[in-house]
Amino acid sequence: MMNKILTYTLLIIAFILIIVIYAFLISIFPRRYVTDIKPSDIGLKYEDVTLTTSDNIKLKAWFIPNNKTKNAIIVCHGYPFDKGNVLGFAPFLHKHYNLLFFDFRAMGQSEGKYTTVGYKEVEDLKAAIKYLKNKNMENIGAIGFSLGAATILMTKSKDINAIVADSSYANLDLMIDSVYRQFFFLKYPFTFLTKLSAKLILRIDTSDVSPEKAIKDIETPVLLIHGEKDSQIKVENSYLLKKANPKAELWIIKNADHGQAHFIKEEEYETKVLDFFNKHLNKTTS
């Protein structure tokens, strides 16, 4: 009897370890997506740019100039995709702004062996900001989706004058918990070991990967957007962000799943986002 109990216990432990290791590895070493599209395919002139981060990682980027303004917007993609995945935002933003798209580390065509899902990615965004500052841009806005939104919030850059955060997570601990919620009581060892792995392997305390903590100190105007029926990053994440910073604007899109807000409410989405940037980047619509 004792042998059976020991055997079952060891099997459960082995099962937990295999699941945790597998999930952890595929999360930090995501499949690379390189979208087969470039700005010229949608009629936009652009420059291929290489950004260099403070930890010496080369990031591939596109600068789409607008000679009518010295204001610019950085567009940040989601996990685990690339800059081409959010190129659809270019036309309506480019009418009024210079644009900068880039691939986060370990994604798209950028260097980097692994992702930290926002923690070190703040250095990627800082490199993008530095590039625009060197081009003497007067005001900089940033719009990000999912990972991109979370990274913008965690960067807390005073050089960004307006932030649109679409489908951001509130904190990484909450995301890890949600990944394992279907395992019921077994989720506790799963989440514990995942957080321990992050600390031992990446030297990251997952509790520090928190847009929720960061947004409390952000004085920059923030527009939070979230799909009401988001199945990947629950809408409660944006409610937590709003609670952490009551000054932030919050727009919930009814019946929208992850990544569907722009698709479902395209005209209203573009009008609302442009009005927000125009207001806070001292830009008048031409």
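No value in this document is a laboratory result; all are computed from the given coordinates. Everything numeric here is computed off the predicted structure, so don't read it as measured data. Please note: Cβ atoms are built from the backbone with ideal geometry, for glycine as well, and neighbour counts cover all protein chains shown.
Loop-only check: which GluC sites (Glu not before Pro) in segment 112-141 are DSSP coil with at most 14 other Cβ within 10 angstrom?
Answer by residue number: Glu138.
Which trypsin sites (Lys or Arg not before Pro) in segment 237-286 sit in a loop by DSSP (not H, G, I, E or B) and have at most 16 other Cβ atoms within 10 Å of their own Cβ?
Answer in residue order: Lys247, Lys254.
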Query - Angle in degrees between helix 266-280 and the longest Cα principal axis of the chain, rounded to the nearest 10 - result: 70 degrees
Query - Neighbour cut-off at most 11 other Cβ (10 Å), DSSP loop, trypsin sites (Lys or Arg not before Pro), segment 78-136 - result: Lys113
Report summary line: For the chain, longest principal axis from Cα atoms; helix 121-134 axis from its Cα atoms; angle between them, nearest 10 degrees, is 10 degrees
Query raised in the report: Which far-off residues, 5 or more places away or on another chain, put their amide H under 5 Å from the one on Asp230, with H placed in the peptide plane?
Result: Val235
Query raised in the report: Can you tell which of Pro65, Leu132, Thr116 lies farthest toward the positive end of the dipole of the chain, using +1 and -1 charges on the Cβ of basic and acidic side chains (Lys, Arg; Asp, Glu)?
Result: Thr116
